[in-house]
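Engineer: Here you go, one structure.
Derivation of every value follows stated rules applied to the coordinates shown; laboratory data play no part. Keep in mind the model is a prediction, meaning the values are calculated, not measured. Every residue, glycine among them, receives a Cβ derived from its backbone with ideal geometry; neighbour counts consider all protein chains shown.
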Amino acid sequence: MFDFKNQHAIVTGGTRGIGAGITKAFLAAGAMVVATYTSNDEKAEAFRLSLPAEQMDRLILKKFDVSKPQEVETFYQWVESSMPSVQILVNNSGIRRDSMLALMADEDWRRVLEVNLDGTFYMTKKAIPLFMKNRYGRIINMSSIGGLLGLSGQANYSASKAAQMAMTKSLCKEVAKKGVTVNCIAPGFIETELLEDLSADLVAEYKKQIPMRRFGTVAEVAHSVLFLASREASYITGTTLEIHGGLA
């Protein structure tokens with residue numbers, strides 16, 4: 001559907017869950033992809049080995065923590081010295097540490113915002129000069145329906161995701177004249193390992209609230225990312241695309 005040959009994409013958290021689906025979609029569309037991850041070397045390598053050989057050759061894995069500005073700086077130094085150009089950044093790295101707010105540990109509040117929001121800031125800040133130099137770029141921030149609706153037990157997560165949307169609206173106005181678009185995607189309940197800790201009763205209850213009566217698939221989210229990252233989406237910026245089966 002979309003052709004990303006000769007384009008380079010960075011996908012943070014790009015080896016598991018939705019991030020892995022996004023990486024696969026870009027590879028299938030012909031892009032060179034740098035997929036980042038934080039800690040699990042074994043799963044990252046297993047993901048790489050699961051790909052067809054031709055796609056494997058266009059995937060680069062990079063291990064670092066997006067919430068650490070010095071590690072992000074080192075990564076972008078590598079990007080500038082090793083890659084001819086970068087056209088796409090997908091800020092997908094994210095964590096959950098759920099708890100009722102009155103019982104939430106201070107560290108759980110801070111850590112979720114550090115990864116989900118600070119990580120988006122650090123990665124985007126370093127990408128913008130590269131995009132503006134070439135007068136072209138696509139930034140896609142993976143937010144969540146939690147940032148729109150709020151979910152019980154997820155005050156930290158919902159706050160970080162709502163802030164991503166606000167940052168997107170502000171940033172898009174700063175870079176639009178340079179051919180750079182900035183958009184959010186807000187998935188609802190998507191079938192990934194992040195939902196594995198939900199009980200069967202809770203899964204059934206959530207599905208009752210969704211007009212489509214099912215959770216979404218990783219592929220459905222990934223295809224939407226490709227659309228916003230495409231040249232065809234050149235007049236779409238500052239928006240949040242909701243992917244939740246009608247949940248509202």
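Engineer: In debye, nearest 20: dipole of region 128-248 around its Cα centre with unit charges on the Cβ of K, R (+) and D, E (-)?
Structural biologist: Details: 13 positive and 10 negative charges, 167 e Å.
Once rounded to the nearest 20, the dipole reads 800 debye.
Engineer: Net charge around Val79, counting only other residues with Cβ within less than 14 Å of its Cβ (Lys, Arg = +1; Asp, Glu = -1)? Working shown, then result.
Structural biologist: Details: positive: Lys62, Lys125, Lys126, Lys133; negative: Glu71, Glu73, Glu80.
Overall, the nearby charge balance is +1.
Engineer: Right, next: Give the long-range amide H neighbours of Leu241: residues separated by 5 or more places, or on another chain, with amide H under 5 Å away, using H modelled in the peptide plane at 1.01 Å from N.
Structural biologist: Residues meeting the criterion, in which the H sits 1.01 Å from N, are Cys184, Ile185, Ala186.
Engineer: Ok, one more. Can you tell which of Thr181, Gln70, Ile88 lies farthest toward the positive end of the dipole of the chain, using +1 and -1 charges on the Cβ of basic and acidic side chains (Lys, Arg; Asp, Glu)?
Structural biologist: Of Thr181, Gln70, Ile88, it is Thr181.
Engineer: If you place +1 on the Cβ of every Lys and Arg, -1 on the Cβ of every Asp and Glu, and leave all else neutral, what size is the dipole of region 129-183 about its Cα centre, to the nearest 20 Debye?
Structural biologist: Numbers: 8 positive and 1 negative charges, 71 e Å.
Using Cβ point charges on Lys, Arg, Asp and Glu, region 129-183 gives about 340 debye.
Engineer: Sticking with this structure for a sec: In percent, how large is the relative contact order of region 70-215, given Cα pairs closer than 8 Å and 6 or more residues apart?
Structural biologist: 25
Engineer: Quick one: what are the phi-derived ³J(HN,Hα) couplings along region 91-101, Karplus 6.51/-1.76/1.60 with θ = phi - 60°, whole Hz, x for glycine and proline?
Structural biologist: Result, ordered by residue: 8, 10, 4, x, 9, 10, 9, 7, 5, 4, 4 Hz.
Engineer: Same structure again: Are there any trypsin sites (Lys or Arg not before Pro) in region 91-139 that are in a DSSP loop and have at most 15 other Cβ atoms within 10 Å? List them by number.
Structural biologist: Numbers: sites: Arg96, Arg97, Arg110, Arg111, Lys125, Lys126, Lys133, Arg135, Arg138; in loops: Arg96, Arg97, Arg135.
Passing both the DSSP loop test and the Cβ count: Arg135.
Engineer: Relative contact order of the chain: what whole-number percent is it, with Cα pairs under 8 angstrom and at least 6 residues apart?
Structural biologist: Details: 465 pairs, mean separation 48.7, N = 248.
Computed value for the chain: 20 percent relative contact order.
Engineer: Provide the net charge surrounding Asn156, with neighbours chosen by a C-beta distance below 11 Å and charges set as Lys +1, Arg +1, Asp -1, Glu -1. Working shown, then result.
Structural biologist: Values: positive: Arg96, Arg97, Arg110, Arg111, Lys161; negative: Asp98, Asp106, Glu107, Asp108, Glu114.
Charge balance near Asn156 sits at 0.
Engineer: Return a whole-number percent for the relative contact order of region 152-248, with Cα pairs under 8 Å and 6 or more residues apart as the contact set.
Structural biologist: Details: 100 pairs, mean separation 40.5, N = 97.
Once normalised by length, the contact order is 42 percent.
Engineer: A further question on this structure: Quick one: which residues, 5 or more positions from Gly216 or on another chain, have an amide H under 5 Å from its amide H? H modelled 1.01 Å from N in the peptide plane, none for Pro or chain starts.
Structural biologist: Those qualifying (amide H under 5 Å, at least 5 residues apart or on another chain) are Phe189, Ile190, Glu191.
Engineer: While we're here: Explain nothing, just compute: Karplus ³J(HN,Hα) = 6.51 cos²θ - 1.76 cosθ + 1.60, θ = phi - 60°, for every residue of region 64-74 in order, whole Hz, x for Gly and Pro.
Structural biologist: Karplus-based 3J(HN,Hα) across region 64-74 equals 6, 9, 5, 7, 9, x, 5, 5, 5, 4, 4 Hz.
Engineer: Amide H to amide H, which residues 5 or more places from Ile10 or on other chains are under 5 Å from it, using H placed in the peptide plane?
Structural biologist: Val34, Ile88, Leu89, Val90
Engineer: To the nearest 20 Debye, how big is the dipole of the chain about its Cα centre, given +1 on the beta carbon of each Lys and Arg and -1 on that of each Asp and Glu?
Structural biologist: Roughly 920 debye for the chain.
Engineer: For region 115-128, what does the Karplus curve 6.51 cos²θ - 1.76 cosθ + 1.60, with θ = phi - 60°, yield as ³J(HN,Hα) per residue in whole Hz, taken in order and with x for Gly and Pro?
Structural biologist: Working through the residues one at a time gives 6, 6, 9, 4, x, 4, 4, 4, 5, 6, 4, 7, 7, 4 Hz.
Engineer: Let me ask something else about it. Once a ≥ b ≥ c are taken as the square roots of the eigenvalues of the Cα gyration tensor of region 3-76, is the result rounded (a/c under 1.5), prolate (a/b larger than b/c) or oblate (a/b not larger than b/c)?
Structural biologist: Oblate, since a/c reaches 1.5 and b/c is not below a/b.
Engineer: Hey, how many Å between the Cα centroid of region 129-196 and the Cα centroid of region 95-123?
Structural biologist: If you average the Cα positions of each part, the centres end up 16 Å apart.
Engineer: With Cβ to Cβ distances under 10 Å as the rule, what net charge do the other residues near Met132 carry (K, R +1; D, E -1)?
Structural biologist: On the way: positive: Lys133, Arg135, Lys177, Lys178; negative: Glu174.
Combined, the nearby Lys, Arg, Asp and Glu give +3.
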